[in-house]
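Below is one structure, written out as structure tokens; comments come after it.
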Amino acid sequence: APRYWSAPIWAWMVVIGVVSLFGRLSFWQYERGQARALANTEQQRAQQMRPIVANSDDWLQLKQIQQGWRGQNIEVTGEAKGEWQILLDGHSNGAGRPGVQVLLPILLKSGVVVMVNRGWLPTETMRLPKGLDFPKGQTTWRGQWHAIARPAVGVGSPCPTQSVQFPWRALYPSREVLQCVMQQHNHLPHTVADGVLLLDPSASSGFARNWQ
């Protein structure tokens with residue numbers, strides 16, 4: 001009588017496990033793609049809406065208002081404090097070129113400081129004398145309001161214990177650290193807003209911007 005080979009049960013269990021794993025990974029990739037597409041759609045929709053003109057006094061209600069603003073187009077007017085600019089380390093462009101993102105503090109009449117992310121600069125450009133030029137006096141800034149970026153692993157830069165040389169380079173500073181730098185090292189009792197304004201890509205006062 002002919003003899004037929006039969007795989008052991010453990011082999012079938014391995015095959016079933018591998019197929020199940022690949023199925024779950026495929027579904028996860030699909031869900032991730034859908035979430036990214038939805039986020040891009042929401043971002044495009046927000047960019048097409050008229051911006052919320054944020055008055056100086058609105059920023060005093062930090063938590064209640066600003067959390068509701070996330071993802072919204074915001075317009076704010078204040079004094080650009082270019083001498084306090086902060087360089088965010090750990091950022092590269094799409095081609096892997098090293099560089100920094102530039103935070104420009106905007107001082108409002110209410111005393112609140114709003115951080116505007118002007119975009120990405122390659123490392124060599126920021127060392128040039130005019131690499132970090134900024135508009136003087138009262139200026140209006142428009143962009144999307146987002147939470148301050150946090151590191152995926154570990155913690156960001158702590159508040160420095162010694163005097164700060166501006167522009168200050170930091171790795172994922174929290175709002176508390178940014179406020180510490182503004183207050184302790186500039187000797188000014190300002191409150192830093194709980195978020196960051198991603199400068200509109202069409203604005204002329206920024207650098208490379210691709211807010212995806």
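Packing, taken as the mean count of other beta carbons within 10 Å per residue, orders the peptides 134-145, 102-113, 80-91, 160-171 from highest to lowest as 102-113, 80-91, 134-145, 160-171. In this rough spin-label picture, where each label sits 7 Å from Cα along the Cβ direction, the Gln183-Thr161 distance is 1.9 nm.
Could you rank Asp194, Asp133 by how accessible they are, 1.4 Å probe, largest area first?
Values: Asp194 20, Asp133 85 Å².
Ranked from most to least accessible, the order is Asp133, Asp194.
Each label point was placed 7 Å from the Cα along the Cα-to-Cβ direction; for Ser110 and Thr139 their separation is 2.2 nm.
The values are calculated or read from the model by the stated rules, or taken from the named source; none is laboratory data. Note that the structure is a prediction, hence the values are computed from the model and not measured. No Cβ is skipped: glycine too gets one built from the backbone with ideal geometry, and neighbour counts run over all protein chains shown. Ligands, DNA and RNA are stripped out before the accessible areas are found, and what is left, the full protein with its side chains, is counted by its heavy atoms. Shrake-Rupley method; radii C 1.70, N 1.55, O 1.52, S 1.80 Å.
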